[in-house]
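Taken together, the values in this text are just the output of simple stated rules run on the coordinates, not laboratory data. All figures in this text were calculated on a predicted structure; none of them were measured in a lab. Here the Cβ positions follow ideal geometry from the backbone for every residue, glycine too, while neighbour counts run over all protein chains shown.
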Amino acid sequence: MPCCWLYDARGSDLFNAITRVEDYYPTRTETEIVSQNAQDMANFCGEGAVLLEYGAGSGIKTEILIDALRAPRLYLPIDIAADELAQTTSRIAKRFPRLDVFPIVADFTRDFDLPPALPLGPRTAFFPGSTIGNLNLREAIAFLSRMHRHVGAAIIGVDLKKDVRTLLSAYDDSAGVTAAFNLNLLARINRELDGAFPLDRFIHEARWNQTESAVEMHLVSLDSRVVTLAGRDFTFFSGESIHTESSRKYDLVTFGSLAETAGWRVSQSWRDRAGQFAVLSLDA
Ligand code: AVJ
């Protein structure tokens, strides 16, 4: 399933809850990297920057970056989750009264237009969260190429390969928040498509796919069952799963050549001490 469907209002709330659980290391690690290197990142963006953010979400890391920018001109947060985008927009607009904020509700994995008359000034994209990891190779190249048409520079967060135990507990936390986040997809189908998935007969599972270098989230059916949706039958064998998300993990060399394929050159990389996560600057 396209993983963007995980993010209805409830899904966005649950994702924000995930970012606060101990087992899920990416958000706090990346936030720390951005905090400690905000000045370098701001210098990279230059004075009077126009900042585009793909998949803005709650915008916590963005706030840290904007705070370090010199006289930023415009912030364009792009997100599919309209409710959360509205909240983030008003919080950031309030905190930075001299900054213009122009939210765009869009699925950034598809083509969309930027507003026609953007102010002059260097345009930089901010793409944190390792959201790039949710895209497969073809999608990632298409996305990075579109970003190349939109802006001349970018700052991107990339989650790095590490031991499988750490990865799997990040995607199957002991508090069960990730399980609730994943299962909300079935609840959403029941709500919006009038489905009849029994939520207690599907279980969350995180799997490491070595070939894809990805953590996968699955919803495993505990029974054999037929679920009817919009006049169509969906048949499950017992143990068969719905694959709801892949979260690819990169090493810097592999990511560098992926970026190059889309016309980018990695210029700087910032990492945490343990080398769990990287934030990279890209030049066109
Ligand atoms: C959307 C990339 C930040 O893949 O790590 C968190 C979503 N899924 N736990 C990720 C997610 C399960 C997350 N990002």
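Roughly what angle does helix 82-95 make with the longest principal axis of the chain, taking Cα atoms, 0 to 90 degrees, to the nearest 10?
For 82-95 against the chain, the angle is about 30 degrees.
Select from Pro116, Met147, Val164 the residue farthest towards the positive end of the dipole of region 101-164; place +1 on Cβ of Lys and Arg, -1 on Cβ of Asp and Glu, and compute about the Cα centre.
Met147
Could you give the angle, 0 to 90 degrees to the nearest 10, between helix 9-18's Cα long axis and the longest principal axis of the Cα atoms of the chain?
80
Counting only other residues whose beta carbon sits under 14 Å from that of Asn37, what net charge do I get with K and R as +1, D and E as -1?
Surrounding charge for Asn37 is -2.
Mind jotting down the distance between the C-alpha centroids of region 78-94 and region 112-186, whole Å?
17
Against the longest alpha carbon principal axis of the chain, how many degrees, from 0 to 90 and to the nearest 10, is the axis of helix 26-45 turned?
20
Over 5 Å intervals from 0, what percent of Cα-Cα pairs in region 1-47 sits in each interval?
Bin by bin from 0 Å, the calculated values are 5, 18, 16, 16, 16, 13, 13, 4, 0.
Assuming 0.36 nm per residue, please report the length gained on full extension of the stretch Arg149 to Lys162 beyond their Cα-Cα distance. Intermediate values should be presented prior to the final figure.
Numbers: separation 13, 0.36 × 13 = 4.68 nm, distance 3.25 nm.
Between Arg149 and Lys162, full extension yields 1.4 nm more.
Which order do Val50, Val220 fall in if you start with the one that has the fewest other Cβ atoms within 10 Å? Could the numbers behind the result be given before it?
On the way: Val50 23, Val220 16.
If I rank by nearby Cβ atoms, fewest first, I get Val220, Val50.
Could you tell me the largest-minus-smallest coordinate of the C-alpha atoms of region 147-284 on each of the three principal axes, in descending order and whole angstroms?
51, 35, 25
Considering only Leu258, Leu144, Leu229, give the residue with the highest GNM mean-square fluctuation for the chain, with springs between Cα atoms whenever their separation is below 10 Å.
Checking each option, the largest mean-square fluctuation is seen for Leu229.
Just check region 30-144 against the gyration tensor rule for me: Cα atoms, a ≥ b ≥ c as the square roots of the eigenvalues, rounded for a/c under 1.5, and otherwise prolate or oblate depending on whether a/b exceeds b/c.
In terms of gyration-tensor shape, rounded.
Answer rounded, prolate or oblate for region 222-268, using the Cα gyration tensor with square roots of eigenvalues a ≥ b ≥ c: rounded when a/c is under 1.5, else prolate when a/b is larger than b/c, else oblate. Walk me through the intermediate numbers first.
On the way: a/c = 6.47, a/b = 3.08, b/c = 2.10.
Judged from the Cα gyration tensor, region 222-268 comes out prolate (a/c at least 1.5, a/b above b/c).
Have a look at Glu212, Glu192, Glu139 and tell me which one the Gaussian network model of the chain (Cα, springs below 10 Å) gives the largest fluctuation.
The residue that fluctuates most here is Glu192.
Where is the GNM fluctuation largest for the chain (alpha-carbon springs, 10 angstrom cutoff): Thr244, Thr27, Thr254?
In the Gaussian network model the winner is Thr254.
Over region 1-98, what is the relative contact order in whole percent, taking alpha-carbon pairs under 8 Å and six or more residues apart?
Working: 99 pairs, mean separation 27.5, N = 98.
For region 1-98, the relative contact order is 28 percent.
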